[in-house]
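Participant: The following block contains the structure, expressed as structure tokens.
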């Protein structure tokens, strides 16, 4: 249990080494895949031990420490501001420090944005298939080639033909990736200063397209050569503008800055139990 806070101190999370141990354990676990199995075993043991230790550090009661704060006379003279350059943040509820952003977009907005943006991107992809490849199935089969290596080396005629397995894989992959990207938009866009449509509609699509072009050119150059990158960038920008608009239009909700850790984690306590009556 953490001792009650005394005057002249502030509460800070207690230092812990478990996050570093967890990162080291995960690193060893994956390093063993290319070295020796014993390395993965050691990494797995460290990962489990660090997970348990970190869990006990924050639940059911968060470990805190009290850091002394020097009195005002010892902090030095406060220089008055030359001019009011901007507004100042006021303390949060119950004296908690304010965290930025103070409002975030709901998770549901990210999911809706991902679905709507994915639909808009699919329209552009299908338009490419009809206009350039004379087939609705070409972009679907090309997307499924990520999970079906043989499809990447197939003839153009086969890519233009209907394939039920490729259709199912393409729809599932497209839907999952679109929703995950929408959730990222809901988390990241509130942290950016204004011009959300510029960041979400142009900057972000160009960044992940550049990363995908680089990785795909190394991992699967055959598939990379079949992708029409101009149309691909257009579809990503359409996705970014659509998903970003849906997320931006959603009603923001205040952050849980003043909630205790157990409330933020969704853990409910049963409360004190009534004393049992003695049995006769």
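Participant: Against the condition buried (at least 18 other Cβ atoms within 10 Å of the Cβ), in contact with a helix residue (DSSP H, G or I) (Cβ under 7 Å, 6 or more places away or on another chain) and assigned by TED's automatic domain parsing to the domain that holds residue 121, how does residue 167 come out, does it pass? Show your work before the answer.
Facilitator: Details: buried (at least 18 other Cβ atoms within 10 Å of the Cβ): no; in contact with a helix residue (DSSP H, G or I) (Cβ under 7 Å, 6 or more places away or on another chain): yes; assigned by TED's automatic domain parsing to the domain that holds residue 121: yes.
So residue 167 fails the test.
Participant: Of all residues in region 104-132, which are at pLDDT below 90 and part of a loop (DSSP other than H, G, I, E, B)?
Facilitator: Listed by number, the residues that qualify are 105, 106.
Participant: Among the residues of region 178-209, write down those that are surrounded by 15 or more Cβ atoms within 10 Å (Cβ to Cβ) and within 25 Å of residue 148 (Cβ to Cβ).
Facilitator: If the condition is that a residue be surrounded by 15 or more Cβ atoms within 10 Å (Cβ to Cβ) and within 25 Å of residue 148 (Cβ to Cβ), then 178, 179, 181, 209 are the ones that fit.
Participant: Could I ask something else about it? Tell me, please, whether a residue that is free of Cβ contacts under 8 Å to residues at least 12 places away in the same chain and within 24 Å of residue 11 (Cα to Cα) can be found in region 55-62. Show your work before the answer.
Facilitator: Of all residues in region 55-62, those free of Cβ contacts under 8 Å to residues at least 12 places away in the same chain come to 55-56.
Checking which are within 24 Å of residue 11 (Cα to Cα) leaves us with 55-56.
Yes, because at least one residue in region 55-62 is free of Cβ contacts under 8 Å to residues at least 12 places away in the same chain and within 24 Å of residue 11 (Cα to Cα).
Participant: Among the candidates 152, 173, 157, 161, single out the residue that is touching a helix residue (DSSP H, G or I) at 6+ places or on another chain (Cβ under 7 Å) and either within 19 Å of residue 225 (Cβ to Cβ) or crowded, with 18+ Cβ neighbours inside 10 Å (or both). Full working, then the answer.
Facilitator: Details: 173 fails: either within 19 Å of residue 225 (Cβ to Cβ) or crowded, with 18+ Cβ neighbours inside 10 Å (or both); 157 fails: touching a helix residue (DSSP H, G or I) at 6+ places or on another chain (Cβ under 7 Å); 161 fails: either within 19 Å of residue 225 (Cβ to Cβ) or crowded, with 18+ Cβ neighbours inside 10 Å (or both).
From the options 152, 173, 157, 161, the qualifying one is 152.
Participant: Looking only at residues in region 157-169 that are assigned to a helix (DSSP H, G or I) and touching a residue at least 12 places away in the same chain (Cβ under 8 Å), which one is nearest to residue 142 (Cα to Cα)? Before the answer, list the steps.
Facilitator: Here is the first cut: in region 157-169, the residues assigned to a helix (DSSP H, G or I) are 157-159, 164-169.
Now drop any that are not touching a residue at least 12 places away in the same chain (Cβ under 8 Å), which leaves 158-159, 165-167, 169.
Working: 158: 10, 159: 7, 165: 12, 166: 9, 167: 10, 169: 11 Å.
Within region 157-169, the match that is nearest to residue 142 (Cα to Cα) is 159.
Participant: Moving to a separate point now. Of these, 94, 90, 82, which one is modelled with pLDDT under 70, surrounded by fewer than 12 Cβ atoms within 10 Å (Cβ to Cβ) and at positive phi? Before you say what the answer is, go through the steps one by one.
Facilitator: Values: 90 fails: at positive phi; 82 fails: at positive phi.
From the options 94, 90, 82, the qualifying one is 94.
Participant: If the requirement is being assigned by TED's automatic domain parsing to the domain that holds residue 138, under 30 Å from residue 156 (Cα atoms) and either crowded, with 16+ Cβ neighbours inside 10 Å or modelled with pLDDT under 80 (or both), which of these qualifies: 239, 245?
Facilitator: Working: 245 fails: under 30 Å from residue 156 (Cα atoms).
None of the others qualify; the one that does is 239.
Participant: What do you reckon, is residue 62 in a helix (DSSP H, G or I), at pLDDT below 85 and either surrounded by 14 or more Cβ atoms within 10 Å (Cβ to Cβ) or under 23 Å from the mean Cα position of the chain (by Cα) (or both)? It would help to see each step written out before you state the result.
Facilitator: Numbers: in a helix (DSSP H, G or I): no; at pLDDT below 85: yes; either surrounded by 14 or more Cβ atoms within 10 Å (Cβ to Cβ) or under 23 Å from the mean Cα position of the chain (by Cα) (or both): yes.
It is false that residue 62 is in a helix (DSSP H, G or I), at pLDDT below 85 and either surrounded by 14 or more Cβ atoms within 10 Å (Cβ to Cβ) or under 23 Å from the mean Cα position of the chain (by Cα) (or both).
Participant: Being in a helix (DSSP H, G or I), over 19 Å from residue 106 (Cα atoms) and assigned by TED's automatic domain parsing to the domain that holds residue 245 narrows it down to one of 187, 172, 176, 146, so name that one. Explain how you work it out, then say what you get.
Facilitator: Numbers: 187 fails: over 19 Å from residue 106 (Cα atoms); 176 fails: over 19 Å from residue 106 (Cα atoms); 146 fails: in a helix (DSSP H, G or I).
On inspection, the qualifying residue turns out to be 172.
Participant: Follow-up question, since we're still on this one. Checking residue 251 against (1) at pLDDT 85 or above; (2) surrounded by 13 or more Cβ atoms within 10 Å (Cβ to Cβ): exactly one of these is not met. Which one?
Facilitator: Among (1) at pLDDT 85 or above; (2) surrounded by 13 or more Cβ atoms within 10 Å (Cβ to Cβ), residue 251 violates only (2).
The values are calculated or read from the model by the stated rules, or taken from the named source; none is laboratory data. Note that the coordinates shown come from a computational prediction; the quantities given were computed from them, not determined experimentally. Glycine gets a Cβ as well: all are built from the backbone with ideal geometry, and neighbour counts include every protein chain shown.
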